[in-house]
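Enquirer: Next up is a structure, given as C-alpha cells.
The values are calculated or read from the model by the stated rules, or taken from the named source; none is laboratory data. None of these values were measured; they are calculated from a predicted model. All Cβ positions, even for glycine, are placed from backbone atoms using ideal geometry, and neighbour counts span all protein chains on display. Ligands, DNA and RNA are excluded from the accessible area calculation, which covers all protein heavy atoms including side chains. Shrake-Rupley method; radii C 1.70, N 1.55, O 1.52, S 1.80 Å.
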Amino acid sequence: ALRIRDGEVVPLRAGTREVVAAVFQLADAAPFTLTIPVTVTWPPLAKLEVVPEPGRLYTGVTLGHQVKAFHADGSERTEVQVSWTGSNPRVATVDRYGNVTAVRPGNLTVTAVAEGVKGERLHTVVANPVQGLSIDISQASQQRAVVRQAGAQGPGAVKARAWANRSTRRVPCCGTT
C-alpha cells in the first residue's frame, strides 16, 4: 500500500503498486495519463527474537513459539517467513510452526531463521511432575447434568442422556494409565 499526499508517495507495505498521474487540459479532451510502477522492498532484517509462550517445558508438554523480526533501525517487521529447527530431537521436537514438544529431560536450543538471520532460545526440559490425572464422575452428578439438560434439544441433549447411562470413568493423562 502507498499513501499519496501533496505529491509525495510514502510506502506503507512492501510490494509492487502503480501510481497513475493525470493531467487535464481541456474540458472535452481526454486527460493525459502516466502510469508509474513502484516497487517497495523491506530493508534487510537485522535481528530475530524467539519468544516462547508462557510456561515451562516438561516432558510431554508442547510450548508454542513466535518470532519477532527487527530491522537495523529497530522497527519491527510482521509477516516474516520463518524456518524452525531444534538442536536435539532426542530431547524435544520442533514443528514448522515453532511448536516444541518435550520428549525427555535435557537441553535444547530452538532456532528460527528468516532471510539469513538467526534467532535462538535455550530451553531446559525437565521431567513432568504430573504422573497422571483422573476424573471421577459419580452417577448422581451425571443424573443432575441430565436434569439440567432436560429442556435442551439437539446433539448436546442426546450426549447428556447417553453419558448418564455410563458408570464412573477414570481418564488417563499425560501418557500414563
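Enquirer: Filter region 16-36 for residues that are open to solvent by less than 100 Å² (accessible area, probe 1.4 Å) and farther than 23 Å from ASP6 by Cβ and give the result. Reasoning before the result, please.
Expert: Step one: of region 16-36, the residues open to solvent by less than 100 Å² (accessible area, probe 1.4 Å) are 16-17, 19-23, 29-31, 33-36.
Correct list: THR16, ALA29, ALA30.
Enquirer: Going through region 70-104 one residue at a time, which ones are surrounded by 18 or more Cβ atoms within 10 Å (Cβ to Cβ) and among the β-branched types (Val, Ile, Thr)?
Expert: Of everything in region 70-104, those that are surrounded by 18 or more Cβ atoms within 10 Å (Cβ to Cβ) and among the β-branched types (Val, Ile, Thr) turn out to be VAL82, VAL91, VAL94, VAL100.
Enquirer: Could you pull out every one of the strands (runs of 3 or more DSSP E) wholly within region 16-105 that has 1 or more residues that are more than 19 Å from GLU120 (Cβ to Cβ)?
Expert: Those strands (runs of 3 or more DSSP E) span 32-40, 65-71.
Enquirer: Are any of the residues in region 51-69 more than 30 Å from LEU12 (Cα to Cα), at pLDDT below 95, of a type in the set (Gly, Ala, Ser) and surrounded by fewer than 12 Cβ atoms within 10 Å (Cβ to Cβ)?
Expert: yes
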